[in-house]
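Report on one structure; see the data block that follows.
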Amino acid sequence: MALRSERLAPGAELVAQRRPAAGGDPDGHGAAGRPAGHPGRGAGAPDDDPSTGGSLQDGPARYDVASEEDLLTARHAVRAATVAAGFGLVDQTRIVTAASELARNAYVHGGGGVLELELVARAGRRGLRLTVEDHGPGIPDVEKALADGFTTGTGLGHGLGGARRLMHEFQVRSAPGEGTTVVATRWNDR
């Protein structure tokens with residue numbers, strides 16, 4: 001499987017990046033009871049169920065993040081994808097935690113968005129890439145938002161910075177008035 005390049009909004013600027021130092025319902029359905037659309041595939045196709053690994057083997061699986069139910073659906077889909085990718089329990093928890101934080105940010109701060117899951121491979125290693133995109137107001141100061149203790153509400157301030165620490169690769173693209181896209185990858189070292 002070839003590593004795909006990130007598809008991010010045209011004109012969006014990469015404002016933060018981290019690379020490694022070395023080297024719905026549980027069935028995956030979105031807000032309307034169906035997965036977010038896949039190009040070239042009808043919604044509700046059998047391959048759209050991440051618990052079978054089908055759509056992840058064929059390409060990215062997309063999930064709407066527009067309600068509390070969607071957040072739960074996304075969490076279940078990410079958990080199933082980590083199992084399909086062969087991650088151990090600790091790494092499964094890391095990825096699910098990061099995905100939950102990113103999806104919640106898209107829902108709360110971005111007014112909703114999309115979570116995309118994709119199995120990736122590089123140099124014989126398998127990984128899972130999360131892409132979370134919203135069309136909200138954007139993040140005025142990404143570096144500040146990535147700092148520990150930063151919060152826009154009543155949270156503990158572990159948000160983006162905490163999600164970044166849980167993943168091997170982490171990129172944030174945001175522009176005022178144009179939304180935010182976060183691409184995060186964790187590699188399976190097993």
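The values are calculated or read from the model by the stated rules, or taken from the named source; none is laboratory data. These numbers come from a predicted model, not from an experiment. We place every Cβ from the backbone using ideal geometry, glycine too, and count neighbours over all the protein chains shown. Just so you know, the surface numbers come from the protein's heavy atoms only, side chains and all, with ligands and any DNA or RNA stripped out. Shrake-Rupley method; radii C 1.70, N 1.55, O 1.52, S 1.80 Å.
Restricting R122, R94 to those that are open to solvent by 20 Å² or more (accessible area, probe 1.4 Å) and at pLDDT 95 or above reduces the list to R94.
Taking the criterion of being modelled with pLDDT of 90 or more and open to solvent by less than 10 Å² (accessible area, probe 1.4 Å), the residues of segment 39-68 that qualify are A61, Y63, V65. When G162, G155, G111 are checked against the criterion of being modelled with pLDDT under 90, open to solvent by 30 Å² or more (accessible area, probe 1.4 Å) and closer than 20 Å to L72 by Cα, G155 stands alone in meeting it. Only one of the numbered conditions (1) modelled with pLDDT under 95; (2) more than 15 Å from the chain's Cα centre (by Cα) is violated by G88, and that is (1). Exactly one residue out of L102, L71 is in contact with a Leu (Cβ under 9 Å, 6 or more places away or on another chain) and open to solvent by less than 30 Å² (accessible area, probe 1.4 Å), and it is L102.
Can you work out which of the residues in segment 74-85 that are open to solvent by 10 Å² or more (accessible area, probe 1.4 Å) and more than 13 Å from the chain's Cα centre (by Cα) is nearest to H135 (Cα to Cα)? Result: A80.
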